[in-house]
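Working notes, beginning with the structure itself.
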Ligand code: LMR
């Protein structure tokens, strides 16, 4: 609980806000839920390298990957409490605070990482990232992972009917629940750190994630089929909290901002490479039967999901989605 972790809020995590000049001594904690050979971890390592180097060691950066400090259920609250200073949750995990974070779950909205990046770097994307300020949270940038592939233990997915009767794990939010519901599947959200066990025990039949998350968490050991289709994406919001952010003087903040900038570049540059390497490893492992949907099969899903798309285009905001469509 936050109270039990109050020790984490010790003075080393709070810069001395009264220090107007010079680099402030402090510890920055970065917490995330995925494995280490992932875009998120690459970006975090770059942030650590740049911030520690430019502050001549006055700022220490500690990274806690793989839900080792906080998992899906409690990372956001601990960010707000300033027990940690940065998290990079998959955006649909934030929909409870802001419906705009359903955007990565809009079926076939973005054709590439670059299109998604261009939207989130643009005025509309930045406006959505800014909507967490009511929680005392600042959305500072978007880090991509990539298109999500479907894994399951029932059958290869080739057309909308193939989902009928399945139970799919999602990252949460009404859009994903509606999406799988439209395909005739039940859905439930399970924390990423508990997903392998849930798949192994058959609590759910399948899940969807980019290759890097499927391979790095060895989901192919417990999933018979991988269907390459990219209906939705995993994109992250790099978040910090206003307590920490406002405690820094200009010189210190400039160093942290440089770390964010270079971490964002590395996360973006590594996403495609790490997912391609993971795809090749999955093929090499040979644990799952892999099928890639054809253009026609993808087209059938697009048509089938058009009513859902149009309904959610309204809900999220036609102007926002049209901006995303233009990228
Ligand atoms: C998941 O929970 O499936 C992923 O979003 C985890 C992550 O942060 O990539």
*Between residue 273 and residue 73, with labels modelled 7 Å along Cα→Cβ, what's the label distance in nm to one decimal, could you check?*
3.7 nm
*Be a star and scan the stretch 35-61 for residues whose amide nitrogen sits under 14 Å from the point 7 Å along the Cα-to-Cβ vector of residue 25.*
56-60
_Cα centroid of the stretch 287-302 to Cα centroid of the stretch 152-197, whole Å_ = 16 Å
_What does the C-alpha gyration tensor say about the overall shape of the chain? Classify as rounded when a/c is under 1.5, otherwise prolate if a/b is larger than b/c, or oblate._
prolate
*Once the piece of chain linking residue 251 and residue 188 is laid out straight, how much longer is it, given 0.36 nm per residue of separation minus the C-alpha distance between them?*
18.1 nm
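Between residue 115 and residue 280, what is the FRET efficiency for a Förster distance of 30 Å, r being their Cβ-Cβ separation, to the nearest 0.05?
Once the sixth-power term is evaluated, E becomes 0.80.
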*Using alpha-carbon pairs under 8 Å, 6+ residues apart, how would you state the relative contact order of the stretch 83-238 in percent?*
36 percent
*asked:* Running a GNM on the chain with Cα contacts under 10 Å, which residue among 258, 195, 175 ends up with the highest mean-square fluctuation?
replied: 258
*How high is the relative contact order of the chain, in percent, counting Cα pairs under 8 Å that sit 6 or more residues apart?*
27 percent
*Roughly how tilted is helix 39-54, in degrees to the nearest 10 and between 0 and 90, from the longest Cα axis of the chain?*
10 degrees
*Classify the stretch 146-231 as rounded, prolate or oblate, taking a ≥ b ≥ c as the square roots of the eigenvalues of its Cα gyration tensor: rounded when a/c is under 1.5, otherwise prolate if a/b is larger than b/c and oblate if not.*
rounded
*asked:* What do you get for the angle between helix 250-285 and the principal long axis of the chain? Use alpha-carbon atoms, 0 to 90 degrees, nearest ten.
replied: 30 degrees
*For a quick protection proxy, order the peptides 89-102, 150-163 by their average other-Cβ count within 10 Å, most packed first.*
89-102, 150-163
_With just the Cα atoms defining each centre, how far is the stretch 121-151 from the stretch 41-111? Give it in Å._
11 Å
*Taking 0.36 nm per residue of separation and subtracting the Cα-Cα distance, what length does fully extending residue 134 through residue 200 add?*
19.9 nm
*For the stretch 78-149, what's the relative contact order in percent, using C-alpha pairs closer than 8 Å and at least 6 residues apart?*
28 percent
*Sort the stretch 256-327 into rounded, prolate or oblate with this rule: let a ≥ b ≥ c be the square roots of the eigenvalues of the Cα gyration tensor; rounded if a/c is under 1.5, and if a/c is not under 1.5, prolate when a/b is larger than b/c, oblate otherwise.*
oblate
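Throughout, read-outs are computed from the coordinates displayed, never taken from laboratory work. The structure displayed is predicted, hence computed values, not measured ones. With ideal geometry, Cβ positions are generated from the backbone for all residues, glycine too; neighbour counts draw on all protein chains shown.
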